[in-house]
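Student: Dropping the structure in here first, questions after.
The values are calculated or read from the model by the stated rules, or taken from the named source; none is laboratory data. Computed from a predicted model, the values in this text were never measured in an experiment. Positions of Cβ are backbone-derived with ideal geometry, glycine not excepted, and every protein chain shown enters the neighbour counts.
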Amino acid sequence: DKGGWSSFMAKEVSEEPEAVANTIRGRVHDGIVEIPELDGLDELFTDIDRIIVIACGTAAYAGMVGKYALEQWARVPVDVELAHEFRYRDPVIGARTLVVSISQSGETMDTLMAVKFAREAGAKTLSICNTQGATIPRESDAIVYTHAGPEVAVASTKAFVAQITALYLLALHVGRVRGALDAETIAAQVAQLEAVPEKIARVLATEQEHIEQFAHWMADTRSVIFLGRHVGYPIALEGALKLKEISYIHAEGFAAGELKHGPIALIEPGQPVFVMVPSPSSSPLLHAKVVSNIQEIRARGARIIAVAEEGDAAVLPFADEVLRIPLAEPLFEPLLAVVPLHIFAMGLATAKGLDVDQPRNLAKSVTVE
Ligand code: M6R
C-alpha cells in the first residue's frame, strides 16, 4: 500500500527519518549503546584483528560509510568488499576476522555465498539485515536488524540510512566492548545520531519541492557527475547509482581528490556536477579542499550543484544550485547529504515519465549469482 504516495519510492524516502529512529530504538540506554542481539557475543569483537564488510550495490556504499565509523570509534582495521569479488580471490581470513555482511533483503545470492565462504574459512560472521528471518542472517553467527520496515521500490533508500545507522551503533558497541571508547565519547556520538531523524525530516520539509523542480528542469541531461571526499565519497557513488538505476542517465561518482588523476578530462561546458561539500565548521580542512575542487571544475565550465551545510556561504560564488542540509559532525553528514540525492533521482525519473518503483532490467532482490 503506497499510503497516498505516487510511488513506493516516494513513500520510502519520506520514511527515512523513521528508518533511522526505529533502528536506534531499544539500543541506547543512558547514552550507552547496547545492542540486545549481541548480548553474550563479546568475543566476536574482542578476539579479532580485522573486519571485512561485504555487500553489493547500495548496501556496499553503506559499508564504505560504516568503515569510517568502525575505524574511528572501534579502532579495528576495516576493508569493504563487493561480495561477488570477495570469494574468488583467495582472501586472507580466519578465526580473527569478523565478516560483516549488509543486505536489505537478506537474500542476495552474491552476499549469501560470500558469507558461507567466510564461515567455511573459519571467520566470524555478523549480518546487518532488514528482513526478519531471511537466509543471510540465518547463516551468520550474529544479527543486527535494521528496522527500516519493508522496502518495496527496487531503488534502496530508507534501508540505506538504516544500514548506516546500524553500522554506527555497531561501531559504538564494538568500541565500548574493546575498550576503545570512553562513556563520554559514546554519549556524544549517540546524541548526534539521535538528532539525525529530525534533521532528515528538515531536509524533506525544506528541500523536497525545490529539488523536484530542479530535477524537472534537468530532465534532458545526458550525464551527471557526483563528487565527494571522505564519507562524502560513498554518498557520491550512491547518488550516481540511484540516477543510473531509475532514470537511466549515465552517472559517475568520483572521489573529489581523484579528479585531477583523470576524471577532470570529462568536464566540458555545461556538465552538471553534484558536489558533497563537507561542513566548514566541523571539517574546515576537507571543506577547503572540496571548495578548491569546485573552483577547478567550475573554471572548465561545469555546472555545480552543491550539497552544502546551512549557512555555508563559501560555496555561493561557485555554485549554480545549492541544496542545503543541517549542520552535523562529519560522520553524520552522509545520513543527511544522501537525502537530496534520493529526491533528485526520483524527481528526474518522474519528470522523464519512468516507473520509479520498477526500473527496467532490475529486480528488488538479486537471487542469482
Ligand atoms: O538486498 P540487498 O541489500 O542485499 O541488495 C543489494 C543490492 O542489490 C541493492 O542495494 C541494489 O544496489 C539497489 N537496487 C540499489 O538501489
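Student: Looking at this structure, is Thr58 hydroxyl-bearing (Ser, Thr, Tyr), closer than 29 Å to Val339 by Cβ, within 17 Å of the chain's Cα centre (by Cα) and within 16 Å of the ligand (Cβ to nearest atom)?
Tutor: Values: hydroxyl-bearing (Ser, Thr, Tyr): yes; closer than 29 Å to Val339 by Cβ: yes; within 17 Å of the chain's Cα centre (by Cα): yes; within 16 Å of the ligand (Cβ to nearest atom): yes.
Against the criterion (hydroxyl-bearing (Ser, Thr, Tyr), closer than 29 Å to Val339 by Cβ, within 17 Å of the chain's Cα centre (by Cα) and within 16 Å of the ligand (Cβ to nearest atom)), Thr58 qualifies.
Student: Here is a further query. With the condition kept exactly as written, say whether any residue in the range 1-9 is within 16 Å of the ligand (Cβ to nearest atom), assigned to a helix (DSSP H, G or I) and either closer than 15 Å to Ala148 by Cβ or in contact with a Lys or Arg (Cβ under 8 Å, 6 or more places away or on another chain) (or both).
Tutor: Here is the first cut: in the range 1-9, the ones within 16 Å of the ligand (Cβ to nearest atom) are 7-9.
Remaining after also requiring assigned to a helix (DSSP H, G or I): 8-9.
Next cut, either closer than 15 Å to Ala148 by Cβ or in contact with a Lys or Arg (Cβ under 8 Å, 6 or more places away or on another chain) (or both) only: 8-9.
The answer is yes; a qualifying residue exists.
Student: Now, a different point. Taking the range 20-42 as the search range and keeping residues that are part of a loop (DSSP other than H, G, I, E, B) and not acidic (Asp, Glu), which one is surrounded by the most Cβ atoms within 10 Å (Cβ to Cβ)?
Tutor: Within the range 20-42, the first condition is being part of a loop (DSSP other than H, G, I, E, B), and the residues that meet it are 25-27, 30-31, 34-35, 39-42.
Filter once more, keeping what is not acidic (Asp, Glu): 25-27, 31, 35, 40-41.
Values: Arg25: 10, Gly26: 12, Arg27: 22, Gly31: 14, Ile35: 20, Gly40: 7, Leu41: 15.
Only one residue fits best here, namely Arg27.
Student: Okay, moving on. Under 7 Å between Cβ atoms, which residue pairs at least 6 apart in sequence (or on different chains) link something in the range 225-246 that is of a type in the set (Asp, Glu) with a partner that is modelled with pLDDT of 95 or more and part of a helix (DSSP H, G or I)?
Tutor: Partner pairs satisfying both residue conditions: Glu238/Thr58; Glu238/Tyr61; Glu238/Phe160; Glu238/Val338; Glu238/Leu341.
Student: Let me ask another. Please tell me if Glu194 is under 18 Å from the mean Cα position of the chain (by Cα), at negative phi, more than 16 Å from the ligand (Cβ to nearest atom) and surrounded by fewer than 20 Cβ atoms within 10 Å (Cβ to Cβ). Break it down stepwise before answering.
Tutor: Numbers: under 18 Å from the mean Cα position of the chain (by Cα): yes; at negative phi: yes; more than 16 Å from the ligand (Cβ to nearest atom): yes; surrounded by fewer than 20 Cβ atoms within 10 Å (Cβ to Cβ): yes.
When the stated conditions are applied, Glu194 passes them.
Student: Is it the case, given these coordinates, that Ser140 is near the ligand (Cβ under 10 Å from one of its atoms), modelled with pLDDT of 95 or more, at negative phi and in contact with a Leu (Cβ under 8 Å, 6 or more places away or on another chain)?
Tutor: On the way: near the ligand (Cβ under 10 Å from one of its atoms): no; modelled with pLDDT of 95 or more: yes; at negative phi: yes; in contact with a Leu (Cβ under 8 Å, 6 or more places away or on another chain): yes.
No.
Student: List every residue pair whose Cβ atoms sit under 9 Å apart, with the two residues 6 or more apart in sequence or on different chains, where the first one lies in the range 47-59 and is more than 19 Å from Lys158 (Cα to Cα) and basic (Lys, Arg) and the second, anywhere, is in a strand (DSSP E or B) and more than 10 Å from the ligand (Cβ to nearest atom).
Tutor: Arg50/Val78; Arg50/Asp79; Arg50/Thr97; Arg50/Leu98
Student: Kindly provide the set of residues from the range 61-88 that are among the aromatic types (Phe, Trp, Tyr), away from the ligand (no atom under 16 Å from the Cβ) and within 16 Å of Leu237 (Cβ to Cβ), ordered by number.
Tutor: Taking the range 61-88 first, the residues among the aromatic types (Phe, Trp, Tyr) are 61, 68, 73, 86, 88.
Okay, now just the ones that are also away from the ligand (no atom under 16 Å from the Cβ), so 68, 73, 88.
Correct list: Tyr68 only.
Student: Could you go through the range 301-320 and let me know if any residue there is in contact with a strand residue (DSSP E or B) (Cβ under 6 Å, 6 or more places away or on another chain), away from the ligand (no atom under 16 Å from the Cβ) and among the basic types (Lys, Arg).
Tutor: Yes - at least one qualifying residue is present in the range 301-320.
Per-residue answers, yes or no, for (1) part of a loop (DSSP other than H, G, I, E, B); (2) within 15 Å of the ligand (Cβ to nearest atom):
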position	(1), (2)
Ala328	yes, no
Phe332	no, no
Leu335	no, no
His342	no, yes
Ala345	no, yes
Gly353	yes, no
Gln358	yes, yes
Ser365	yes, yes
Val368	yes, yes
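Student: Another one. Across the range 208-249, which residue is farthest from Pro280 (Cα to Cα) among those that are within 16 Å of the ligand (Cβ to nearest atom) and acidic (Asp, Glu)?
Tutor: Looking at residues that are within 16 Å of the ligand (Cβ to nearest atom) and acidic (Asp, Glu), I get Glu245.
Student: Please state which of the following conditions Ala162 fails to meet, knowing it meets all the rest: (1) away from the ligand (no atom under 14 Å from the Cβ); (2) assigned to a helix (DSSP H, G or I).
Tutor: Ala162 satisfies all of (1) away from the ligand (no atom under 14 Å from the Cβ); (2) assigned to a helix (DSSP H, G or I) except (1).
Student: What do you reckon, is Ile48 touching a Phe, Trp or Tyr at 6+ places or on another chain (Cβ under 6 Å), among the β-branched types (Val, Ile, Thr) and not in a helix (DSSP H, G or I)? Working first, answer last.
Tutor: On the way: touching a Phe, Trp or Tyr at 6+ places or on another chain (Cβ under 6 Å): no; among the β-branched types (Val, Ile, Thr): yes; not in a helix (DSSP H, G or I): yes.
In short, no.
Student: Anything in the range 59-117 that is among the hydroxyl-bearing types (Ser, Thr, Tyr), crowded, with 24+ Cβ neighbours inside 10 Å and outside any helix (DSSP H, G or I)? List them, or say none.
Tutor: As a first pass, look at the range 59-117 and keep what is among the hydroxyl-bearing types (Ser, Thr, Tyr): 61, 68, 88, 97, 101, 103, 105, 108, 111.
Pick out the ones that are also crowded, with 24+ Cβ neighbours inside 10 Å and you get 61, 101, 103, 108, 111.
Within the range 59-117, Ser101, Ser103, Thr108 meet the criteria.
Student: Mind counting the residues in the range 5-29 that are out of contact with any helix residue (DSSP H, G or I) (no Cβ under 8 Å at 6 or more places or on another chain) and farther than 22 Å from Glu333 by Cα? It would help to see each step written out before you state the result.
Tutor: Narrowing the range 5-29 to residues out of contact with any helix residue (DSSP H, G or I) (no Cβ under 8 Å at 6 or more places or on another chain): 8, 11, 25, 29.
Narrowing further to those that are farther than 22 Å from Glu333 by Cα: 8, 11, 29.
Residues flagged as out of contact with any helix residue (DSSP H, G or I) (no Cβ under 8 Å at 6 or more places or on another chain) and farther than 22 Å from Glu333 by Cα within the range 5-29 amount to 3.
Student: Could you check the range 227-263 and list, in sequence order, the residues that are part of a strand (DSSP E or B) and among the aliphatic types (A, V, I, L, M)?
Tutor: Step one: list which residues in the range 227-263 are part of a strand (DSSP E or B), which gives 227-228, 250-255.
Leu227, Ala251, Ala255, listed by residue number.
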